[in-house]
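Report on the following structure.
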Amino acid sequence: MAYSDIDRVLALAGLLQATELVEHIAHHGQIDQASLETCIQSIFTIDSESVEQIYGHVAKLELGLKILVQQLSGGSQRNSNITRYTLQLLLLERRLVKQPKILTKLRHGIEDISQEKEHLRSLNPTILSALADLYTETISKLGPKILVHGDQSYLTRPDNVIKIRALFLAAIRSAVLWQQCGGSRFKLLLFNRSILETAKQLII
């Protein structure tokens, strides 16, 4: 399949939507459930005819697209935490593809949870907890843990810890997709103007 600039931007928006939701949990303790469901559902959508189909629809990535525009526009709009999370996740994705055993464990884990999800909704606490555990057993072992900054009263709540780990797993899914579409840290830095303009055009 030949991937377009739109495909790459959608994958990047998926990653940033996940990191923005983490940031929102850390500072506000709650998040938009529809945006969360889009991220979680993307983990289970492995075989699809298009990048858009992985997320359901472009409109479901509106949050991620808006954050992408803010991050690439620079200035006071840019959030340093989101930048840090994004760069760390892209690095972890590169490490993941070099660890076939962990990659296989991750794939099998997602397949097992997917079978359980047939009887439960994506945001069911059982599903989110299983995804969080899978993140801990796989991605967390690839390098230094990602430190989330925010209000400790929110960050110490068990349900929020689970959501954050599940969201980081969703972010890794999008990072993998970004690479599959021909994206790279080099392209992100060198072609950010083109990425910015495409993201603006996609915002509903």
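Values in this text are rule-based calculations from the coordinates and carry no lab data. On a predicted model such as this, the values are computed, not experimentally measured, just so you know. Reconstructed Cβ throughout: ideal geometry from the backbone, glycine too, with neighbour counts over all protein chains shown.
Couplings for the stretch 35-45, taken from phi via the Karplus curve 6.51 cos²θ - 1.76 cosθ + 1.60 with θ = phi - 60°, read 5, 5, 4, 4, 5, 5, 4, 5, 4, 8, 8 Hz in order; Gly and Pro are left as x. Normalising the average separation of contacting C-alpha pairs (under 8 angstrom, six or more residues apart) by the number of residues puts the relative contact order of the chain at 39 percent. Summing charges over neighbours of I54, with a neighbour being any other residue whose Cβ is under 14 Å away from its Cβ, gives -2 when K and R count +1 and D and E count -1. Charge tally around L72: other residues with Cβ under 12 Å, Lys/Arg +1 each, Asp/Glu -1 each, net +3. Ordered from longest to shortest, the equivalent ellipsoid semi-axes for the stretch 48-186 are 23, 19, 18 Å, each the square root of 5 times a Cα gyration tensor eigenvalue. Here the stretch 1-97 is treated with +1 on each Lys and Arg Cβ and -1 on each Asp and Glu Cβ, and its dipole about the Cα centre works out to around 440 debye.
Viscosity 1.306 mPa s, temperature 10 °C: what is the translational diffusion coefficient of the stretch 62-138 from Stokes-Einstein with a Kirkwood Rh over Cα pairs, rounded to a whole number of µm²/s? My calculation gives 107 µm²/s for D. Over 28 Å between C-alpha atoms is what I'm after, so list which of K105/K200; K98/K163; K117/K141 land there. Beyond 28 Å between Cα atoms: K105/K200.
Electrostatic bookkeeping for E23 treats Lys and Arg as +1 and Asp and Glu as -1; over the other residues with beta carbon under 15 Å from its beta carbon, the sum is +2. Counting helices only, and only those DSSP H runs with n ≥ 4, report the 222 nm mean residue ellipticity of the chain as the sum of -39,500 (n - 2.57) divided by its residues, in deg cm²/dmol to the nearest 500. Computed mean residue ellipticity for the chain: -22500 deg cm²/dmol.
Please say if the stretch 29-74 is rounded, prolate or oblate, where rounded means a/c under 1.5 for a ≥ b ≥ c the square roots of the C-alpha gyration tensor eigenvalues, and otherwise the choice is prolate for a/b larger than b/c and oblate otherwise? Note, shape of the stretch 29-74 comes out oblate. Phi angles across the stretch 138-147 convert, under the Karplus curve 6.51 cos²θ - 1.76 cosθ + 1.60 with θ = phi - 60°, into 3J(HN,Hα) values of 10, 4, 4, 7, 8, x, x, 5, 6, 8 Hz, Gly and Pro given as x.
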